[in-house]
């Protein structure tokens, strides 16, 4: 291995630089520099020590940075897993929401259908009951030869006309409600 020597002026300049600014030559070049000057030999020993300290500090810093990078990579992987879990939970929540809305819509339709059935049943009871009572009165008046048969007949006829009109009105209203519910956003099919 070839050895390197500096001129006396260069050696003196390097020594002065180290004393004034604490700057030394660094690196593998220190292994090949030789000098007969005792003060420069002292400089070289100090430079070698400073180089060792500098390398040790850089190595420690590199280790710290590598540990931090490893930690950041692990955290990024954990975050990625958490994001995926959150996405899955969000999808599950959306599906549960859709199912709940579907169930709510079904319950609404069912309760609406039950209400319509109840209204229709009571309307039919009233219509049939009124028709039976009026027919019974008219029949009673005819059987007993009452003089009021004409008046009761006209009342009976008018009452049946009104009952039929009201029953059709009720049925029309119910059908209108069903038709209107089918038109809400085009999604309701009715019961």
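The values are calculated or read from the model by the stated rules, or taken from the named source; none is laboratory data. Keep in mind it's a predicted model, so treat the numbers as computed, not measured. Ideal geometry is used to build each Cβ from the backbone, glycine not excepted, and the neighbour counts take in all protein chains shown.
Brief remarks follow.
- Yes/no for residue 97 being in contact (Cβ under 8 Å) with a residue 40 or more places away in the chain and assigned to a helix (DSSP H, G or I): no
- Extreme residue, surrounded by the most Cβ atoms within 10 Å (Cβ to Cβ), among residues of region 143-153 that are part of a helix (DSSP H, G or I) and at pLDDT below 80: 152
- Within region 172-185, no residue that is on the phi > 0 side of the Ramachandran plot and modelled with pLDDT of 75 or more sits with its Cβ atom under 7 Å from a residue that is surrounded by 10 or more Cβ atoms within 10 Å (Cβ to Cβ) and not in a helix (DSSP H, G or I) at 6+ positions apart or across chains.
- Residue within region 103-116 that is modelled with pLDDT under 90, outside any helix (DSSP H, G or I), surrounded by 10 or more Cβ atoms within 10 Å (Cβ to Cβ) and in contact with a helix residue (DSSP H, G or I) (Cβ under 8 Å, 6 or more places away or on another chain) present: no
- Checklist (1) modelled with pLDDT of 90 or more; (2) surrounded by 12 or more Cβ atoms within 10 Å (Cβ to Cβ) applied to residue 25, failing item: (1)
- Here residue 61 fits the description: surrounded by fewer than 12 Cβ atoms within 10 Å (Cβ to Cβ) and either assigned to a helix (DSSP H, G or I) or over 60 Å from the mean Cα position of the chain (by Cα) (or both).
- Pairing residues of region 74-91 that are free of Cβ contacts under 8 Å to residues at least 40 places away in the same chain and at positive phi with residues that are surrounded by 10 or more Cβ atoms within 10 Å (Cβ to Cβ) and not in a helix (DSSP H, G or I), at Cβ distances under 7 Å and at least 6 apart in sequence or on separate chains, gives no pairs at all.
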